[in-house]
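Contents: one structure, followed by commentary.
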Amino acid sequence: MLHARLISVLILVFVSVHFLTACAHTVGPHCETRCGVQLVGVFPNWEMPERWSCDNLQLAEDVFLETFSDMYPNACKNVPSYLYFASTDEFMHAGESVAGLAVCSMAQVQLSALAPWESAYAHEMVHLMQKCDSPAPTDEGETHDHSDWVRSGIRARLSNWQNIMKEETNESNP
């Protein structure tokens, strides 16, 4: 009798787990770039970000690779696995309002809802390229997270990326 009950309970647990996992909503990417970045969508409903398209994401990646190719020759291998968006132009992280966040340990980036040329896309990619460890010493006016960004030319390259993105996305979206 005890054996039969144990088997019944195990079957019930197995069936419950199976139904729960089968009913769980799995998020499929809206698109994937040539480097393998998957655009998952806007948290929590995972819809496509309003100001982005798959073409914009590929352009952002292409311009980043071109802008930083000499600095990060293996950039395509170090891009995030998943890119997801907040529903607002800024979100809170560690008590600060930010436009993007790189989670290096998980190879993920979260961006705010800003348009591609205004976004923190390239900024967060640099964090991933540096494995979230910016080398010392800290440049004047910078934080430890961005310690070498002036002297290494990263800030200038980010500005260049932004200008190209603005020009290219405005041409494709008149």
* To do: Give 107, 136, 99, 156 a once-over and let me know the one that is of a type outside the set (Lys, Arg) and closer than 22 Å to residue 50 by Cα.
  => 99
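From the set of residues in region 92-145 that are small (Gly, Ala, Ser) and part of a helix (DSSP H, G or I), which is nearest to residue 37 (Cα to Cα)? Even if it seems obvious, please write down each step before you answer.
Within region 92-145, the first condition is being small (Gly, Ala, Ser), and the residues that meet it are 94-95, 97, 99-100, 102, 105, 107, 112-113, 115, 119-120, 122, 134, 136, 141.
Of the ones still in play, those that are also part of a helix (DSSP H, G or I) are 105, 122.
Working: 105: 16, 122: 13 Å.
Ranking the candidates gives 122 first.
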* Do we find that residue 153 is exposed (fewer than 15 other Cβ atoms within 10 Å of the Cβ), over 19 Å from residue 32 (Cβ atoms) and at pLDDT 90 or above in this structure? -> yes
* Looking at region 36-69, which of the residues that are assigned to a helix (DSSP H, G or I) and aliphatic (A, V, I, L, M) is farthest from residue 153 (Cα to Cα)? -> 57
* **Verdict on residue 35 being modelled with pLDDT of 85 or more, surrounded by 13 or more Cβ atoms within 10 Å (Cβ to Cβ), under 15 Å from the mean Cα position of the chain (by Cα) and closer than 21 Å to residue 160 by Cβ** => yes
* Asked: Given the conditions (1) closer than 21 Å to residue 170 by Cβ; (2) not in a loop (DSSP other than H, G, I, E, B), and given that residue 89 satisfies all but one, which numbered condition is not satisfied?
  -> (2)
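The values are calculated or read from the model by the stated rules, or taken from the named source; none is laboratory data. Because the structure is a prediction, the values reported are computed rather than measured. Every residue, glycine among them, receives a Cβ derived from its backbone with ideal geometry; neighbour counts consider all protein chains shown.
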